[in-house]
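Report on the following structure.
The values are calculated or read from the model by the stated rules, or taken from the named source; none is laboratory data. Just so we're clear, the structure is a prediction, and the values are computed from it rather than from any experiment. Cβ sites come from the backbone with ideal geometry, for glycine too, and all protein chains shown count toward neighbours.
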């Protein structure tokens, strides 16, 4: 189970990175890879943490529990200032930047619940990013569509023909399958 969880987390990170890199040449690829990252976290990693807690007989925090709200608040900042010291033998999360260290030292129940909160926040942010990417794709078109539009406009300028007006939804170059 641990290997599966590590693979899901790595897949999420890798697809975010690849999607970001693809953004320069293909909005469609960027959108697909961002969604794959979201799915890796929401559909694979999150259920694995929940299963871990169930299998170990540990408590899973309710979404609006005092603990979950406090954890989300801590995860919203890289570093939270002016925190009291942790209790003797305990650990205290000081912000998102300290999550890995916190999880390594916390009890399994606390660590898994902290990761559930972090994964939920990451999935929510990826969902919003996907929505934004979709709006941009609809409004501005894809890379191939824009190249086609520019090529036609350059051809028209060279031949003295009046410029054509293109809507963002115009079909792109039929020879390129990447924007379909």
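Structure data summary
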read-out: Residue selected from region 130-173 under the condition in contact with a helix residue (DSSP H, G or I) (Cβ under 9 Å, 6 or more places away or on another chain) and surrounded by fewer than 13 Cβ atoms within 10 Å (Cβ to Cβ), by the criterion modelled with the highest pLDDT; value: 161
read-out: Enumeration of residues in region 80-95 that are at negative phi and surrounded by fewer than 11 Cβ atoms within 10 Å (Cβ to Cβ); value: 81, 84, 85, 87, 88
read-out: Any helices (runs of 4 or more DSSP H) falling wholly within region 42-126 and containing at least 3 residues that are in contact (Cβ under 8 Å) with a residue 40 or more places away in the chain; value: 46-55, 66-75
